[in-house]
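For reference, the structure discussed in these notes is given below.
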Amino acid sequence: MEKWTLSDRVVEKSIADNWDEARLEWDLINVLMLENEYESCECGHYTIKEVCTIYNNNTKEQLDIGNCCIKKFEREEMDVTDLIRCMKNIYGDESKSLNKEALKYCFEHKIINRAQYKYYIEIWRKRKLTESQLERKIEINQIILKKAFKNGI
Ligand SMILES: [Zn+2]
């Protein structure tokens, strides 16, 4: 039931007239984390806390969907499960680390600059950080979190 509501909405805003082709027209353009509020997904699910914005370049349409439904596109490059897990991880404890993929994502989306990216990679594997290394990592985590909760990443 849920899947069909979603696919109807997606097909409606695509050029293709069927889900199998329509799902390929879309790109993920933003992931916004919500702190104290909820949004609703196109499938009718009302309590999404991670809003994935997808865009169709053919129709110039845009849809906000939840993490619940982004998986239904079955497109690896749109799968943000790991990214969101990482974000929740550092949100819960800012001294924790993002994994390499999440870090790369933040760099490629210009949330952090090259120097910050390189620094993070450099200290990433270290078992014990000096106080200033930890401080700098937390600073970078905070930059990422701020963006993720404010404008999205
Ligand atoms: Zn959904």
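Coordinate-derived values only; no laboratory data. This is a predicted model, so every value here is computed, not measured. Here the Cβ is made from the backbone with ideal geometry for all residues, glycine too, and neighbour counts use every protein chain on show.
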Original post:
Which distance in Å, rounded to a whole number, links the C-alpha centroids of the range 77-105 and the range 19-44?
Top reply: 18
Original post:
For the chain, what is the per residue volume of the convex hull drawn over the alpha-carbon atoms, in cubic angstrom?
Top reply: 109
**OP:** Would you work out which of Leu145, Thr59, Trp26 lies farthest towards the positive end of the dipole of the chain, given +1 charges on the beta-carbon of Lys and Arg and -1 on that of Asp and Glu, about the Cα centre?
**Re:** Leu145
Subject >> As computed over the range 53-107, the Cα convex hull volume per residue (Å³) >> reply: 100
Original post:
Name the GluC sites (Glu not before Pro) in the range 1-72 that are in a loop by DSSP and that have at most 14 other C-beta atoms within 10 Å, would you?
Top reply: Glu35, Glu37
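Report relative contact order for the range 79-137 in percent, whole number only (criteria: Cα-Cα under 8 Å, sequence separation at least 6).
It comes to 24 percent, rounded to a whole number.
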Original post:
What is the Cα coordinate range of the range 82-150 on the first, second and third principal axes, sorted by size from largest, in whole angstrom?
Top reply: 29, 25, 19
**OP:** Note down, for the range 2-76, the three equivalent ellipsoid semi-axes (square root of 5 times each alpha carbon gyration tensor eigenvalue), biggest first, whole angstrom.
**Re:** 20, 13, 10
Original post:
So who's got an amide H within less than 5 Å of the one on Ile111, skipping anything under 5 residues away but keeping other chains? H placed 1.01 Å off N, in plane.
Top reply: none
